[in-house]
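What follows is a single structure, written as structure tokens, with notes after it.
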């Protein structure tokens, strides 16, 4: 059976449109995006890179709590989101806050999520998304349920979910895809393969040559995409969405990407498990640099354009963190009342106890 395995794995070649120099290497699959849409995609990537830099600084100042850096994964995150519609549902992992922001989550609420405030998990009315999932891979099972619900209601929309390469080692990953495949649910499953599950290299998690090939066991299509190429990620996600709403079932997309920072700001030190040579290799593939070169060659992007986005992002972040800092502090009674519609006896007693404490 070795030749069967090798023949299957050899078919998963990485899909790419722009090379590292920002030149088109795959004209046939170039997405039909207008000049304005291309510029908008670049704006979002630059804005999100600034947001990541400022969020790291705010975390170090003690003004934010939990934070998972996103630099390096902008093409994977924003390219996939750009292919979605407002009616689509996002079921994110904890690193996928940028997609929520561009889907409609106010920036100050994203900061409240980081602070652990319950309002940071309350999606605005009309925004189709669930709060970021902290349990690794659990959102895959949830997404399968949402995707099936959309199909049963005849909706022309999808449920998209994300996890990292480490998430593919979880049972929920397989269960969610298998369920969605069996029922032909309206799903897009994205694995953002940044090479390390916290500190464990991908090659130590699985003997599989690619993560995309794991789609075969669920009977669905799978593709490996250059996750540093925003146009390739967009094109693959758009294709997956069109298939799903046409009733052709879910799809798995593996994006080959890299996180430049630590796994989270909660004590991870990537220098202990990643080499400087590896970091340097991936820095040459920076999704912002690659897309910037492409746009500049088309006379669609200038240094002035980029500086304007950077300044706007800084101003928005300044206002949002100020609002988050001034937001009413979360109380124990808020936690208790948010857990149950009707409180059991033991929590009723605790509610009265903490109401008395908080009134002092």
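The values are calculated or read from the model by the stated rules, or taken from the named source; none is laboratory data. This one's a predicted model, so the numbers in the text were calculated from it and none came from an experiment. Every residue, glycine as well, gets a Cβ built from its backbone with ideal geometry; the counts of neighbours run over all protein chains shown.
Summary of values
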read-out: Residues satisfying the stated conditions in region 275-298, i.e. part of a loop (DSSP other than H, G, I, E, B) and farther than 18 Å from residue 16 by Cα; value: 275, 298
read-out: Criterion violated by residue 11 - all others in (1) assigned to a helix (DSSP H, G or I); (2) more than 20 Å from residue 228 (Cβ to Cβ) satisfied; value: (1)
read-out: Every residue from region 146-167 that is surrounded by 17 or more Cβ atoms within 10 Å (Cβ to Cβ), part of a helix (DSSP H, G or I) and over 15 Å from the mean Cα position of the chain (by Cα); value: 146, 147, 148, 150, 151
read-out: Unmet criterion (only one of (1) buried (at least 23 other Cβ atoms within 10 Å of the Cβ); (2) out of contact with any helix residue (DSSP H, G or I) (no Cβ under 7 Å at 6 or more places or on another chain)) for residue 113; value: (2)
read-out: Qualifying positions in region 238-267 - in a loop (DSSP other than H, G, I, E, B), closer than 22 Å to residue 168 by Cβ and over 19 Å from the mean Cα position of the chain (by Cα); value: 249
read-out: Identity of the residue in region 116-127, outside any loop (DSSP other than H, G, I, E, B) and surrounded by fewer than 18 Cβ atoms within 10 Å (Cβ to Cβ), that ends up nearest to the chain's Cα centre (by Cα); value: 121
read-out: Qualifying residue in region 91-99 (condition: over 13 Å from the mean Cα position of the chain (by Cα) and either assigned by TED's automatic domain parsing to the domain that holds residue 284 or at pLDDT 95 or above (or both)); value: no
read-out: Top-ranked residue in region 82-99 [being without any contact (Cβ under 8 Å) to a residue 60 or more places away in the chain and either in contact with a helix residue (DSSP H, G or I) (Cβ under 6 Å, 6 or more places away or on another chain) or buried (at least 24 other Cβ atoms within 10 Å of the Cβ) (or both); ranked as farthest from residue 134 (Cα to Cα)]; value: 98
